[in-house]
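Engineer: Sharing a structure, written as structure tokens. Questions coming.
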Amino acid sequence: MRKPTSLERLYVDFDSFFASAEQHLQPHLRGKPVGVIPVDSEHTGLIAVSREAKALGLRRGTFVREARKQCPGLVLVTARHEVYVGLHHAIVEAIETVVPVKAVCSIDEMLCALLPAEWPQALSMGQRVKEVIARDIGPTLTCSVGLGPNDLLAKIAAEMEKPDGLVALHPDDLPGRLLALDLTEVPGIARGNAARLARAGVTDMAALWRLQPKELRRLWGSVEGERLWMGLHGYTVERPETRRRMFGHGRVLPADWRSIGGAYAAARVLLAKASARMRRAGFSARALALWLTDRHSAGWHGGEHFQPTWDDPSLLASLSRLFFHAEREEMHGSRSVHVALHDLVPLAEIEEDLFDHTPEAQFKRRMESLSVIADRFNTSHRKALLHWGPWVTIPGGYAGAKIAFNRIPDVEDF
Ligand SMILES: [Mg+2]
């Protein structure tokens with residue numbers, strides 16, 4: 001463990017990204033209150049609001065009907081995720097003319113590690129990043145840049161003066177401005193943890209700052225508490241490398257898709273997308289999980305385990321068995337649907353049973369080859385032209401990768 005004495009990390013966080021992206025792409029929306037919705041429906045919430053809408057009191061999550069009431073001039077735009085992904089890649093390219101991106105943290109957040117020679121000029125590099133984005137992308141899509149001795153403090157700094165901020169949290173000045181934060185503004189302190197801290201008498205940053213690392217670990221009930229302490233106090237925390245554990249997709253369904261048939265049609269598309277991603281990454285799965293949720297009940301969850309599998313027909317057959325059980329167990333509709341391929345094995349590690357000449361095994365080999373051929377064909381056409389069985393377009397035009405997760409889809413995911 002190390003305690004840096006300089007600004008070693010630069011964090012970029014875009015301001016109201018989806019809303020600013022629409023204002024960037026559609027100039028007539030600039031200066032207007034804009035709300036982005038996931039699907040064209042009255043029964044959904046805003047997933048992003050422009051700064052003009054924020055000034056009128058709208059927040060992420062406000063329901064459409066409520067938002068219209070609060071802000072009669074509101075312009076609603078349906079999210080176009082594939083377009084935002086394109087912008088994301090252009091942004092990364094622009095940033096990399098100044099400094100390489102070390103980690104993409106979400107579609108609109110990137111972390112960069114500065115070299116020792118760059119540490120003294122960290123602030124001017126932050127300024128440069130903002131300038132190249134304004135120059136190469138455009139002035140509407142603004143970002144806030146944070147600088148700090150480690151990842152966590154750089155991220156916190158980026159949040160401090162939104163929008164269009166540029167803030168450095170220098171290790172010599174700690175705790176300094178950290179003391180003005182609410183506990184829940186610290187990444188990693190969710191409401192549950194805040195409640196736990198409150199029960200221990202820790203209700204503000206000053207009290208949190210006085211704790212010892214072991215105390216925070218005990219309050220958290222895990223080593224994460226100690227990691228958070230280290231991060232806040234300016235240490236670099238090396239995390240054990242995380243191994244990919246699953247490929248999954250999920251969707252909240254539009255109101256008229258919430259029957260079991262609608263959920264099944266959507267789940268097939270989501271599973272096919274997930275399995276194509278899995279194959280491209282060189283994995284096969286030994287398990288498939290399905291979650292159906294319902295506003296009124298705990299929902300339904302089911303799963304199947306199998307020999308390492310990576311062809312679409314086998315995976316879709318497994319999905320259809322899971323839906324059969326869901327329906328049998330009285331799950332007649334679903335508000336959202338999630339599928340995940342997990343218990344992964346790298347394709348290179350699968351032990352091929354060369355003596356397995358049963359017709360079933362040979363059929364599966366053929367399905368594997370066909371899945372790969374379909375992937376290649378679809379990738380080159382940037383569209384799912386070859387698929388197994390019925391294929392639907394889920395309203396909202398977005399059946400692919402879920403951006404809310406910490407993973408930026410490739411263009412092939414759409
Ligand atoms: Mg942001």
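Laboratory data are not the source of any read-out in this text; all were calculated from the coordinates shown. These numbers come from a predicted model, not from an experiment. Every residue, glycine as well, gets a Cβ built from its backbone with ideal geometry; the counts of neighbours run over all protein chains shown.
Engineer: Spin-label point model (7 Å from Cα, Cβ direction): what's the GLU327 to LEU370 distance in nm?
Structural biologist: 2.3 nm
Engineer: Using a 10 Å cut-off on Cβ atoms, rank the peptides 262-269, 146-153 from the highest mean neighbour count down.
Structural biologist: Per-residue mean Cβ counts within 10 Å order the peptides as 146-153, 262-269.
Engineer: In the structure displayed, which of LYS3/LYS102; LYS32/LYS54; LYS54/LYS162; LYS54/LYS155; LYS155/LYS214; LYS102/LYS155 lie more than 18 Å apart, Cα to Cα?
Structural biologist: As for pairs spanning more than 18 Å Cα to Cα, those are LYS3/LYS102; LYS54/LYS155; LYS155/LYS214.
Engineer: Can you tell me the length gained on complete extension of the stretch ALA195 to VAL237, counting 0.36 nm per residue apart and subtracting the Cα distance?
Structural biologist: Here the answer is 12.6 nm.
Engineer: On the principal axes of its Cα set, how long, how wide and how thick is segment 20-170? Give whole Å, largest value first.
Structural biologist: Sorted from largest, the Cα extents of segment 20-170 read 53, 27, 23 Å.
Engineer: For segment 274-334, what does the equivalent ellipsoid look like in terms of its semi-axes, each the square root of 5 times an eigenvalue of the Cα gyration tensor, given largest first in whole Å?
Structural biologist: So the three semi-axes of segment 274-334 are 25, 12, 9 Å.
Engineer: So, one more: Would you mind listing how long segment 88-204 runs along its three principal axes, going by Cα atoms, in whole Å with the largest first?
Structural biologist: 49, 29, 22
Engineer: What FRET efficiency would be calculated for the residue pair ASP40, GLU360, taking the C-beta separation as r and a Förster radius of 45 Å, to the nearest 0.05?
Structural biologist: 0.50
Engineer: What do you get for GluC sites (Glu not before Pro) in segment 10-59 restricted to DSSP loop and a cutoff of at most 13 other Cβ within 10 Å of the site's Cβ?
Structural biologist: GLU42
Engineer: At 0.36 nm per residue, minus the direct Cα-Cα distance, what do THR97 and LEU123 gain on full extension? Give it in nm, one decimal, please.
Structural biologist: 7.7 nm
Engineer: Further question: If each of ASP173 and THR78 carries a label point 7 Å out from its Cα toward its Cβ, how far apart are those two points in nm?
Structural biologist: 4.6 nm
Engineer: For the chain, what does the relative contact order come out to in percent, with C-alpha contacts under 8 Å and a separation of six or more?
Structural biologist: Relative contact order, the chain: 16 percent.
Engineer: Can you give the percent of C-alpha pairs in segment 17-83 whose distance is more than 19 Å?
Structural biologist: More than 19 Å apart: 19 percent of the Cα pairs in segment 17-83.
Engineer: Subtracting the Cα-Cα distance from 0.36 nm times the residue separation, let me have the gained length for GLN70 to ARG135 in nm, one decimal.
Structural biologist: Length difference between fully extended and current span is 19.9 nm.
Engineer: How large is Rg/Rh for the chain, to two decimals, with Cα atoms and a Kirkwood Rh?
Structural biologist: Expressed as Rg/Rh, it is 1.00.
Engineer: Given the -39500 (n - 2.57) contribution per DSSP H run of 4+ residues, what per-residue ellipticity at 222 nm results for the chain, rounded to the nearest 500 deg cm²/dmol?
Structural biologist: -11500 deg cm²/dmol
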